[in-house]
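Trainee: Quick one: the structure is below, and I'll ask about it shortly.
The values are calculated or read from the model by the stated rules, or taken from the named source; none is laboratory data. Because the structure is predicted, anything quoted here is derived from the model rather than measured. Cβ coordinates were reconstructed from backbone atoms using ideal geometry, including for glycine residues, and neighbour counts include every protein chain displayed. Remember, those area values only see protein heavy atoms, side chains included, never the ligands or the DNA or RNA. Shrake-Rupley method; radii C 1.70, N 1.55, O 1.52, S 1.80 Å.
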Amino acid sequence: MKICYVITCMRMNTGLGGHYHSLKATAQAISEDADVLIVIIGDNPCPTIEKSGIPYERVSSTFNIIAGIKGLVKILTKYKPTVIHSFDAKADFFARSASSWLKIPKINTKCGGASPNKFYPYQKNLIIYSSEDLNYFSKNEKFKNSNIFLIPNRVYKIKDDNERIEKLRPLVTSKATLLRISRIGSYYKKSLLQAINLIGWLVKQNVDIQLIILGKVEDDNILNELKEHAAGLPVKFVTEPEFTSDASQLLNIADGIIGTGRGVMEAASKGKMLFTPLKDSDYPVLITENNFDDLVYYNFSERNRIEGYDQNENLLAIKNILQSDDLRKSNIEFVNKTYTDKFSIETKKDTYLKIYQSAEFYKDPLMDYLRHMAILFRFFLK
């Protein structure tokens, strides 16, 4: 079996976002049982893929859509994949074009983010990560005859980069350290403020704690706002490229991780206390057995909600776990079991292979394809 994965890396893409890591983990797992190739659509560097060890090729000239399609078709004609698997809606346009041209079955993964509020390209075979998306697509008349597979975002156990961890070690000056890995820009501003607010509250409770915010700066103004908000608190910012690339390899610098999406799952692979942002809240929430189902529904995103949430109860739970070895041990046992049962890619590899084996070629709805093309043209013209 030969699998071709297709992803875009163009315009403002950094090649470092969560869906690149999701593709990498999937491709690495499947490569143990099949031949895999990743095709990158776009000219931007894509370090997550380029450093993955998985064979990849690049299709350039993507501001000319026809040239992009022809470039992908040329690669696939040579590679002869059993199935094409696209990650993100832009990549799916090129994948569905090549699929129609070469009569090859195609699968799409809709990664993180909110459920679509307008258009999402038609898919006969769709993989989604959250129950939030399952609820949306299963009720959408357009996808009533689609094969929809809920496979929550999956990760490999993260390997430590001990050399870089030791370089960061002097930053650890408190009894407990929380880490937030995030791009520093407008999209993540609220969740970063929540993390800083939590440190402020814990300091007032005489908890010996600090926060490290580690990530690529997308907006210097946001960085300055965050630093101003954190003034006088034990909050440290690490933005050097040496540390922001493959930052998940640095998780062991901290005792707890404030994360979203696959960041939560990668932290779980290291047996860390897990925290995640909460919508319409001033603070992140401690992930526990009691609130796990509410949070995984939203794929641990900024849209997280908890039925019957009590902010004071959450803050007290965080304070207690940071001050009690027994509570922390019990929580980490839950985290370790959750990683094994729900997050490890190895437990779902056979599911992916069965989806690939059962996928059949289908004829794309013409009007849906043309609308998809129009949206992509507008994207290029911005």
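Trainee: Pick out, from the range 244-347, the helices (runs of 4 or more DSSP H) lying fully within it that include 2 or more residues that are over 23 Å from Ile151 (Cα atoms) and without any contact (Cβ under 8 Å) to a residue 12 or more places away in the chain.
Mentor: Working: elements: 262-269, 292-297, 311-323, 325-338.
Per the criteria, 311-323, 325-338.
Trainee: I'd like to know if the range 171-187 contains one or more residues that are farther than 28 Å from Thr351 by Cβ, in contact with a Pro (Cβ under 7 Å, 6 or more places away or on another chain) and not aliphatic (A, V, I, L, M).
Mentor: yes
Trainee: Please find, within the range 154-198, the residue that is farthest from Asp255 (Cα to Cα) out of those that are touching a Phe, Trp or Tyr at 6+ places or on another chain (Cβ under 9 Å) and of a type in the set (Val, Ile, Thr).
Mentor: Looking only at the range 154-198, we keep the residues that are touching a Phe, Trp or Tyr at 6+ places or on another chain (Cβ under 9 Å), and these are 154-155, 157, 164, 167-168, 178, 180, 182, 184, 194-195, 197-198.
Adding the requirement that they be of a type in the set (Val, Ile, Thr) leaves 155, 184.
Working: Val155: 20, Ile184: 22 Å.
The qualifying residue farthest from Asp255 (Cα to Cα) is Ile184.
Trainee: Return a yes/no flag: does the range 30-51 have any residue that is within 16 Å of Asn125 (Cβ to Cβ) and surrounded by 16 or more Cβ atoms within 10 Å (Cβ to Cβ).
Mentor: Taking the range 30-51 and keeping what is within 16 Å of Asn125 (Cβ to Cβ), we get 30.
With surrounded by 16 or more Cβ atoms within 10 Å (Cβ to Cβ) added as a condition, the list becomes 30.
Looking for residues that are within 16 Å of Asn125 (Cβ to Cβ) and surrounded by 16 or more Cβ atoms within 10 Å (Cβ to Cβ), one finds at least one in the range 30-51, hence yes.
Trainee: Quick test for you: out of Lys78, Lys118, Lys142, pick the one residue that is open to solvent by 40 Å² or more (accessible area, probe 1.4 Å), more than 19 Å from Arg58 (Cβ to Cβ), among the charged types (D, E, K, R) and assigned to a helix (DSSP H, G or I).
Mentor: On the way: Lys78 fails: more than 19 Å from Arg58 (Cβ to Cβ); Lys118 fails: assigned to a helix (DSSP H, G or I).
Just one listed residue meets the conditions, Lys142.
Trainee: Val335 - would you say it is among the hydrophobic types (A, V, I, L, M, F, W, C), modelled with pLDDT of 95 or more, under 22 Å from Gly112 (Cβ atoms) and surrounded by 16 or more Cβ atoms within 10 Å (Cβ to Cβ)?
Mentor: On the way: among the hydrophobic types (A, V, I, L, M, F, W, C): yes; modelled with pLDDT of 95 or more: yes; under 22 Å from Gly112 (Cβ atoms): yes; surrounded by 16 or more Cβ atoms within 10 Å (Cβ to Cβ): yes.
Spelling it out, Val335 is indeed among the hydrophobic types (A, V, I, L, M, F, W, C), modelled with pLDDT of 95 or more, under 22 Å from Gly112 (Cβ atoms) and surrounded by 16 or more Cβ atoms within 10 Å (Cβ to Cβ).
Trainee: A follow-up question, please. Among the numbered criteria (1) touching a helix residue (DSSP H, G or I) at 6+ places or on another chain (Cβ under 6 Å); (2) more than 25 Å from Gln249 (Cβ to Cβ), which one does Val36 miss?
Mentor: The failed condition is (2).
Residues are listed down the side, and each one gets a yes or a no for (1) touching a Ser or Thr at 6+ places or on another chain (Cβ under 7 Å); (2) crowded, with 19+ Cβ neighbours inside 10 Å:
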residue	(1), (2)
Lys216	yes, no
Asp220	no, no
His229	no, no
Pro234	yes, no
Glu240	no, no
Ser245	no, no
Leu251	no, yes
Gly256	no, yes
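Trainee: With the condition kept exactly as written, say whether any residue in the range 50-70 is farther than 19 Å from Lys110 by Cβ, under 18 Å from the mean Cα position of the chain (by Cα), in a helix (DSSP H, G or I) and not hydroxyl-bearing (Ser, Thr, Tyr). Quick ask: steps written out before the conclusion?
Mentor: At the first step, the residues of the range 50-70 found to be farther than 19 Å from Lys110 by Cβ are 50-70.
Right, trim to under 18 Å from the mean Cα position of the chain (by Cα) and you get 50-52.
Subset that is in a helix (DSSP H, G or I): 50.
Checking which are not hydroxyl-bearing (Ser, Thr, Tyr) leaves us with 50.
Yes, because at least one residue in the range 50-70 is farther than 19 Å from Lys110 by Cβ, under 18 Å from the mean Cα position of the chain (by Cα), in a helix (DSSP H, G or I) and not hydroxyl-bearing (Ser, Thr, Tyr).
Trainee: Are any residues in the range 59-97 modelled with pLDDT of 95 or more, aliphatic (A, V, I, L, M) and under 27 Å from Arg262 (Cβ atoms), and if so, which ones?
Mentor: Passing the criteria: Leu72, Val83, Ile84, Ala95.
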